[in-house]
Amino acid sequence: MIDLLAVTAHPDDLEICAGGIFLKAKKEGKKTGLIICTRGESGGYAQQQTREQEALHANGLLGLDYFRHLDFPDAGMFFGQEAVDALIPLLRECSPKILLTLHRDDYHPDHVAVSQTVEAASFVAGLKKHSQDGSDWKPKELMYFSGDLRTNKRGPDILVNIEDVYEEKLACCAAHASQNIVGHAERLAEWFGYLGGCKYAEGLYLRNPLTLNQAGSLF
Ligand SMILES: [Zn+2]
């Protein structure tokens, strides 16, 4: 079972938006996983092979326990049955406790499509019919991250202080050398840090109210 799973559109989405959260989760002994829906072949001038190599490099730095790379076309992914069906067995395979994906208010149509796909697939994957052993599964929480604060005007619901892993997060972003994303990641982390009263942070958006089982989680 994976504790924290992200489903993204492109090889660098996670590192920009939530790389610090993944690094922290790993240091806290949690199992982390990533499913990337496209090979990123339309991003910048890089070839598909280059982006795949960069993704593997970054995944190694993140220390992922689970990784799958799907073959939907970059800048050509759409919400539909094919994408939902591709995701269902992978969600059942790793049965994540917390599921993260891109916020649907975003300039990039692939990001929107992935967000919708994850919502539908996580619902259908929770039906017993899709379980080999009849076991129940649904994530404790489905949350979103966002790298496009021009389109997504909502403020984050949760801010995670990433000061302790900030340099490692930037190294993960720099692993995607063809995409020149470090400056973007720095500005996002500074803005979320400003909102959170710390130096650097990452933001998460809730779908439903967050339920806490221990009062200690408030402190
Ligand atoms: Zn992207």
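The values are calculated or read from the model by the stated rules, or taken from the named source; none is laboratory data. Predicted model only: the values in this text are computed from it and were never measured. Cβ atoms come from the backbone with ideal geometry, glycine included; neighbour counts cover every protein chain shown.
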query: Is at least one residue of region 17-35 β-branched (Val, Ile, Thr), more than 16 Å from the ligand (Cβ to nearest atom) and assigned to a loop (DSSP other than H, G, I, E, B)?
result: no
* Quick one: is Asp105 within 15 Å of the ligand (Cβ to nearest atom), charged (D, E, K, R) and part of a helix (DSSP H, G or I)? -> no
Is it fair to say Glu41 is of a type outside the set (A, V, I, L, M, F, W, C), outside any helix (DSSP H, G or I) and over 22 Å from Pro139 (Cβ atoms)? yes
Filtering region 1-15 for residues that are surrounded by 24 or more Cβ atoms within 10 Å (Cβ to Cβ) and either within 10 Å of the ligand (Cβ to nearest atom) or in a loop (DSSP other than H, G, I, E, B) (or both) leaves a count of 7
Mind checking whether some residue in region 101-123 is more than 19 Å from Tyr144 (Cβ to Cβ) and in contact (Cβ under 8 Å) with a residue 60 or more places away in the chain? no
Answer with yes or no whether Phe72 is under 16 Å from Cys173 (Cα atoms) and of a type in the set (Phe, Trp, Tyr). no
Is it true that Gly183 is within 26 Å of Arg51 (Cα to Cα), at pLDDT 95 or above and more than 15 Å from the ligand (Cβ to nearest atom)?
yes
Log entry, pairs with first residue in region 143-172 being away from the ligand (no atom under 16 Å from the Cβ), second being outside any strand (DSSP E or B) and among the aromatic types (Phe, Trp, Tyr), beta carbons closer than 6 Å, six or more apart or on different chains, reads Leu159/Phe192; Ile162/Tyr200; Glu163/Tyr200; Tyr166/Tyr200
When (1) within 25 Å of Arg104 (Cβ to Cβ); (2) over 17 Å from the mean Cα position of the chain (by Cα); (3) in contact (Cβ under 8 Å) with a residue 60 or more places away in the chain are applied to Arg187, the one that fails is (3)
- within 16 Å of the ligand (Cβ to nearest atom) and either under 20 Å from Cys17 (Cβ atoms) or not β-branched (Val, Ile, Thr) (or both): does that describe Gln81? no
Selection from region 66-92 of residues surrounded by fewer than 17 Cβ atoms within 10 Å (Cβ to Cβ) and acidic (Asp, Glu) yields Asp71, Glu82, Asp85
